[in-house]
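Remarks on the structure that follows.
The values are calculated or read from the model by the stated rules, or taken from the named source; none is laboratory data. Being a predicted model, the structure only gives us computed values, none of them experimental. Reconstructed Cβ throughout: ideal geometry from the backbone, glycine too, with neighbour counts over all protein chains shown.
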Amino acid sequence: MTNLMVKVRVKLVSWDEIVDWTRRLANIIEESGWRPDVIIAVARGGYVPARLLCDFLDVTDLISIQSQHWVEAARMAEKAILRYPYKVDLTELNALLVDDIVDTGESLILARDYIVKEWRPKELRIAAMQWISPVAKIKPDYYLIEVKEWVWFQYPWTRLEDISQFITRIFREDERVKGREVEEEELKQLFIEWYGIHPHEVREYWDLALKKLTAKQILVKTSKGYKLGK
Ligand code: ADE
């Protein structure tokens, strides 16, 4: 998964792992004997796991709430915010709040408190695929993997966004490349060094990320390679 020399520990997650993890998470929920009437996905990370849990748990009612903390891959914003708060009536219903991962847990706490107060479910429980126990301020009722050493889970639904930010971060923070142009081969080596994943593991996302960063003028294409734009 990762090696000890990298700057940012990254676990590249495949779609197959997502399906496998949510199936096993559904199993844990089922075996607890508790059944949700409605699933609430935390946008955006909880969407795919929540949808798959609906399938595995045979739940038809899926709604969502947007609570955001992370603005950039492996970088945290100052505080979590609830976007588009709205009201629904969940009295009488068991609700399961689903996110991909509990990291600090702040966005989940914000969503949970809002839902309990404003939507009033009979009971609200929380499920996530991963729980980073040393940093989390909350323990989900259901989780599949307890993560004991912090790592960035590169989920398949943020692949382009993450790879783009990973590349940008090299240009902005690596002292060896500050202010100069970098050939693509060297960039690939730096990427491996920083994140412990090889660009060929993310295939077309590598080229797409460079294309997008160039279009946005975050990077500028030079005759030899790339340099930092704005
Ligand atoms: N979102 C918040 N923390 C995360 C992490 N460690 N990995 C992936 N997504 C996250």
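Just a few scattered comments:
- Look at the stretch 168-179: where a residue is surrounded by 18 or more Cβ atoms within 10 Å (Cβ to Cβ) and at pLDDT 95 or above and a partner is not in a helix (DSSP H, G or I) and not acidic (Asp, Glu), sitting 6+ places away or on another chain with Cβ atoms under 7 Å, you get THR168/ILE218; ILE170/VAL177; PHE171/VAL177; PHE171/LEU219; PHE171/LEU228.
- Residue within the stretch 62-73 that is modelled with pLDDT of 95 or more, within 14 Å of the chain's Cα centre (by Cα) and within 12 Å of the ligand (Cβ to nearest atom) present: no
- Options VAL88, VAL19: the member that is under 16 Å from TYR114 (Cα atoms), surrounded by fewer than 19 Cβ atoms within 10 Å (Cβ to Cβ) and among the aliphatic types (A, V, I, L, M): VAL88
- TYR195 vs. criteria closer than 30 Å to ARG35 by Cα, buried (at least 18 other Cβ atoms within 10 Å of the Cβ), touching a helix residue (DSSP H, G or I) at 6+ places or on another chain (Cβ under 9 Å) and touching a residue at least 12 places away in the same chain (Cβ under 8 Å): no
- In the set TYR114, TYR86, only one residue is aromatic (Phe, Trp, Tyr), assigned to a loop (DSSP other than H, G, I, E, B) and either modelled with pLDDT under 95 or farther than 30 Å from SER164 by Cβ (or both); that residue is TYR86.
- Among the candidates ILE132, ILE163, ILE126, ILE138, residue that is assigned by TED's automatic domain parsing to the domain that holds LYS211, of a type in the set (Val, Ile, Thr) and without any contact (Cβ under 8 Å) to a residue 60 or more places away in the chain: ILE163
Rundown of residues vs (1) surrounded by fewer than 19 Cβ atoms within 10 Å (Cβ to Cβ); (2) not hydrophobic (A, V, I, L, M, F, W, C), yes/no style:
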site: ILE81; (1), (2): yes, no
site: TYR84; (1), (2): yes, yes
site: THR104; (1), (2): yes, yes
site: SER107; (1), (2): no, yes
site: ARG112; (1), (2): no, yes
site: LYS122; (1), (2): yes, yes
site: ARG125; (1), (2): yes, yes
site: VAL135; (1), (2): yes, no
site: LYS139; (1), (2): yes, yes
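- Selection from the stretch 84-105 of residues that are under 10 Å from ILE40 (Cβ atoms) and among the β-branched types (Val, Ile, Thr): VAL88, VAL98
- Within the stretch 157-175, the set of residues being in contact with a helix residue (DSSP H, G or I) (Cβ under 8 Å, 6 or more places away or on another chain) and not in a helix (DSSP H, G or I) comprises ASP174 only.
- Residue count for the stretch 213-230 satisfying the condition of being farther than 17 Å from ARG172 by Cα and not in a loop (DSSP other than H, G, I, E, B): 1.
- The set of residues in the stretch 198-225 being surrounded by 15 or more Cβ atoms within 10 Å (Cβ to Cβ) and within 26 Å of LYS11 (Cα to Cα) consists of PRO199, VAL202, TYR205, TRP206, LEU208, ALA209, LEU210, LYS212, LEU213, ILE218, LEU219.
- Set PRO156, PRO85: member being more than 10 Å from the ligand (Cβ to nearest atom) and either within 12 Å of the chain's Cα centre (by Cα) or over 22 Å from ASP61 (Cβ atoms) (or both): PRO156
- For the stretch 208-227, a residue qualifies if it is among the charged types (D, E, K, R) and within 15 Å of ASP162 (Cβ to Cβ), and exactly one does: LYS212.
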